[in-house]
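In what follows, a structure is listed as structure tokens, so that the remarks can point back to it.
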Amino acid sequence: MTILQEVKNSLGYYGDEYDSFDADILRSINTAVLILFRIGALKVQTVCNAASEWSDILSSNPSYSEMIKDYICRKTRILFDPPQQSNTYKAYEESIKEIEWTLQEDRT
């Protein structure tokens, strides 16, 4: 499964027939990947496209692969389709910050 497909599934867009927002979702995915690179969680700066696989970005930090996947899905949700409930939004933001902190601390 590609990064785009998995992130779309996490957003509730199942199947390939929902491709109207692919460019917007990819932009949010790439923002999340750039943040991970900036904080040192990824060793290679990568630009994802519709065909990008998880192995394209996770090879630089395989021990945190599930956390990185979760981060990209959560960050894309906040950027692309933020929750309308303020407490849900805050919960997402707090979990994103916790993942960022963990990934930053473990690289030192």
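The values are calculated or read from the model by the stated rules, or taken from the named source; none is laboratory data. Here the structure is a predicted model, which is why all the values come from computation and not from measurement. Every residue, glycine as well, gets a Cβ built from its backbone with ideal geometry; the counts of neighbours run over all protein chains shown. When the accessible area is computed, the model is the full protein with side chains, heavy atoms only, and any ligands, DNA or RNA have been set aside. Shrake-Rupley method; radii C 1.70, N 1.55, O 1.52, S 1.80 Å.
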**OP:** Go through the range 56-66 and count every residue that is outside any loop (DSSP other than H, G, I, E, B) and of a type in the set (Ser, Thr, Tyr).
**Re:** 3
**OP:** Would you tally the residues in the range 38-50 being open to solvent by 70 Å² or more (accessible area, probe 1.4 Å) and either more than 24 Å from residue 105 (Cα to Cα) or within 12 Å of the chain's Cα centre (by Cα) (or both)?
**Re:** 2
**OP:** Working only within the range 72-87, note down all residues that are surrounded by 12 or more Cβ atoms within 10 Å (Cβ to Cβ) and part of a helix (DSSP H, G or I).
**Re:** 72, 73, 74, 75, 76, 77, 78, 79, 80
Subject >> Residues located in the range 55-87, provided they are hydroxyl-bearing (Ser, Thr, Tyr) and modelled with pLDDT under 95 >> reply: 55, 59, 60, 63, 64, 65
Original post:
Which of the following residues is closer than 15 Å to residue 103 by Cα and outside any helix (DSSP H, G or I): 69, 43?
Top reply: 43
